[in-house]
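The block underneath contains the structure these notes are about, expressed in structure tokens.
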Amino acid sequence: MLRLATLGLTGCLVLGVSCMAYFVVTDIRIAQQLNERFDQTQNQTSLPDYRVNGLLVHTNDGWADIEILERSKQLGFVSMSYIRRDVSRNHLRPIFFDPNFRSIPWMRDDLVGTGIILDSSAPFTPLCFFITDAASVNRHHFGCGGYLETDDQNFDWLSHFGGYGFELVPERLSHKPVPQPTFESTYKPGRGIPTCQYYGIQDSFDYDAKLLTDWRTTCAFAIDQESFRVALNFSRKYIRDYNEFLVREWSEMSSPVAATFYVYSEDKNIISKQDISSFRQEALAIKSQYFFRTGKALPIYKMNLDAFRSDNDSLLEYEFSDNNPLSLIWASQEYAPTIKTE
């Protein structure tokens, strides 16, 4: 992924056609690999599926894009979604993007159609997995703990926990503010920060829609191989909303991002051509800003939202106009002042 940093802008200009060919072949190969992972269901390894198949994607929200921004630094995590064709098929919202984004006040209209895809082999730290939108931003324990109720919701937590046999509510499940523990004291390597074990969930036949599909009460699955497989079976059943896969923020380590994307669809009821163009421009700006801050260039792909409903469509599509290496040179005057010199 350090392609332009290795070749250098000047070297790319000198190499000309050879440089272009290198970038085109590399970017197309990465797209093919990511598309294969989206379609792949087999896992003959001892690793959890998210390390072997499927994709972890984050829709940009102003808290994190290729780089970690201040809000995610404060939270300590980034919210991703795990997508795979067989798991995400026919989900109404397989990723955070919503066709009605303009009517949703907390969505950034300029960003919600852009995002990032993680490199599954990168040393990122997985925290936990929710089968639905869990409002992780309003949870303690690095987004994996209990939901912190707001004053106007009036949810009957006493009846909820009583219905599951709790006399004393574990701190990790508390709906009241609790002191944020240190990461080292709460995170278990290979397991993460789960909470579903408190409810005795063993397999997907114990499908408790009341518990698992309410954003306030849903629990966090562990990130080991077997727990994640059980969680995916739940996720297949729940097709209304996207899932949440939380990853520890990476501001103090190398970025695990493999590629960036912007969404599109042939169905104008899902996204208009004007919005596609706007999201494309935003994705290009994020890529250019990142390059001129770090010297690292990442590919951009079109994410075809129709692929979640049709087995005949590829999820990611390569466009040379989005990845022309010379475009980074043309954009240099706009973003060059942000280059780090230290």
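Every number here is computed from the coordinates shown, using simple stated rules; none is lab data. The shown structure was predicted, so the numbers you read here are calculated from the model rather than taken from an experiment. Note that we place each Cβ from the backbone using ideal geometry, even for glycine, and neighbour counts take in every protein chain shown.
Annotations for the structure displayed:
- In the stretch 176-259, GluC sites (Glu not before Pro) in a DSSP loop with at most 15 other beta-carbon atoms within 10 Å: Glu252
- Each Lys or Arg adds one and each Asp or Glu takes one away; over the other residues whose Cβ falls under 12 Å from the Cβ of Glu226, this sums to -1.
- Reference-scaled alpha-carbon Rg (2.2 N^0.38 Å with N residues) for the chain: 1.03
- Between the stretch 118-166 and the stretch 35-74, the alpha-carbon centres lie 19 Å apart.
- Axis of helix 225-237 versus longest Cα principal axis of the chain: the two differ by about 90°, to the nearest ten degrees.
- Acute angle (nearest 10 degrees) that the helix 17-39 long axis makes with the longest principal axis of the chain, alpha-carbon atoms: 20
- Cα long-axis angle, helix 273-294 against the chain (0 to 90 degrees, to the nearest 10): 80
- The chymotrypsin sites (Phe, Trp or Tyr not before Pro) of the stretch 177-271 meeting both criteria, a DSSP state outside H, G, I, E and B (loop) and at most 10 other C-beta atoms within 10 angstrom of the site's C-beta, are Phe205.
- Within the stretch 64-165, GluC sites (Glu not before Pro) in DSSP loop having at most 15 other beta-carbon neighbours inside 10 Å: Glu149
- At full extension, Ala285 and Ser18 could sit 93.6 nm farther apart than now, given 0.36 nm per residue minus the alpha carbon distance.
- Within the chain, helix-based [θ] at 222 nm, where runs of 4 or more DSSP H residues each add -39,500 (n - 2.57), nearest 500: -8500 deg cm²/dmol
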